[in-house]
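Have a look at the structure below before the remarks.
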Amino acid sequence: MSKIPALIFLLLIPSVTLAAPSPHLLPYWITENPNSVQTLSHQQWQTFLNKYLVSSEDQQLVHYQQVDDADKMSLTLYTKMLANVDPRKLNRTEQMAYWINLYNALTVITILNHYPVESILDIRSSFFSPGPWKKEIINISGFWLSLNDIEHRILRPIFKDPRVHYALNCASIGCPNLNPQAFTGQNLNELLEQSAHDFINSDKGLFLDDIEARLSKIYDWYRRDFGDTKEGLMIHFNEYLEKKLTINQLGNIEYQYDWTLNEAFK
């Protein structure tokens, strides 16, 4: 490859610092049944988490290399089971748990289908799209959906809950941890609260020193979900911080994110 084409190639590689997609609603999925008492079993997902998710300091890491064919098939069958459910017939809490677990399970399957990889960014849905998020990978009620659709066109615009960012895991060290418990309609609020608390009180969520505040990049990508101002962000942080934050401490902000695969090696 000559120097000029090589330079063009490098310039064409998409930047991972681009802003995240805006929350544009897919209206089809806004329907709910508030009177529904139907509950879904997420035991297959819980079994996978019990077997392959390990704790390392403040990280939850996945033993991708150890996942055998039978457990990968079981996880795939779990997502197919969810795909055969019409989530519009569920109540809101069951819906939210449904979409969170589906997103996280599909992300793990995506990694397994391309393993070994050093980062989820190595899995491209197209040349101009870093990462696999735009690729349509599951059909629900006759509609093909991507990971982006689930996050930005269903979860964010329908539920309008910033805590969802602490529940979704993008298979990266910098991301909020993959929760060791499957979300259910019954434990949803408890796990969302705990996930928010754990991330905000971790160094990868918020780290303060005398010079600057180092924040996770999610507070830049999704700033509108966290109040869209430093004051709004401070209010959100102070809901969960053990030591309350002042606006002056958010004067100089540096954003950080580690895209290394959240893989366990021991």
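Read-outs throughout are calculated quantities, based only on the coordinates presented, and are distinct from any laboratory measurement. As the structure is a computational prediction, the values presented were derived from the model and not from experiment. Quick reminder, even Gly has a Cβ in these numbers, built from the backbone with ideal geometry, and neighbours come from all protein chains shown.
Remark: segment 31-89 carries a charge dipole of roughly 280 debye about the Cα centre, counting +1 on each Lys and Arg Cβ and -1 on each Asp and Glu Cβ. Here the extension length gained between Lys51 and Ser22 equals 6.9 nm, from 0.36 nm per residue of separation less the Cα-Cα distance.
Which whole number of Å³ per residue matches the convex hull of the alpha-carbon atoms in the chain? Walk me through the numbers on the way to the answer.
On the way: hull volume 41.6 nm³, N = 266.
Value for the chain: 156 Å³ per residue.
Within the listed set Lys204, Lys217, Lys51, the residue fluctuating most in the Gaussian network model of the chain (springs between alpha-carbon atoms under 10 angstrom) is Lys51.
Every helix of 4 or more DSSP H residues in the chain counts as -39500 (n - 2.57), and over all residues that averages to -10000 deg cm²/dmol at 222 nm. Full extension of the chain between Val117 and Ala70 gives 14.8 nm of extra length, using 0.36 nm per residue less the Cα-Cα distance. Under 1.5 on a/c is rounded, so check that first for segment 159-266, then, if it is not, pick prolate when a/b is larger than b/c and oblate when it is not; a ≥ b ≥ c are the square roots of the alpha carbon gyration tensor eigenvalues. It comes out oblate by the Cα gyration axes.
So which of Lys72/Lys135; Lys51/Lys89; Lys134/Lys160; Lys80/Lys134 end up more than 27 Å apart by C-alpha? Beyond 27 Å: Lys51/Lys89.
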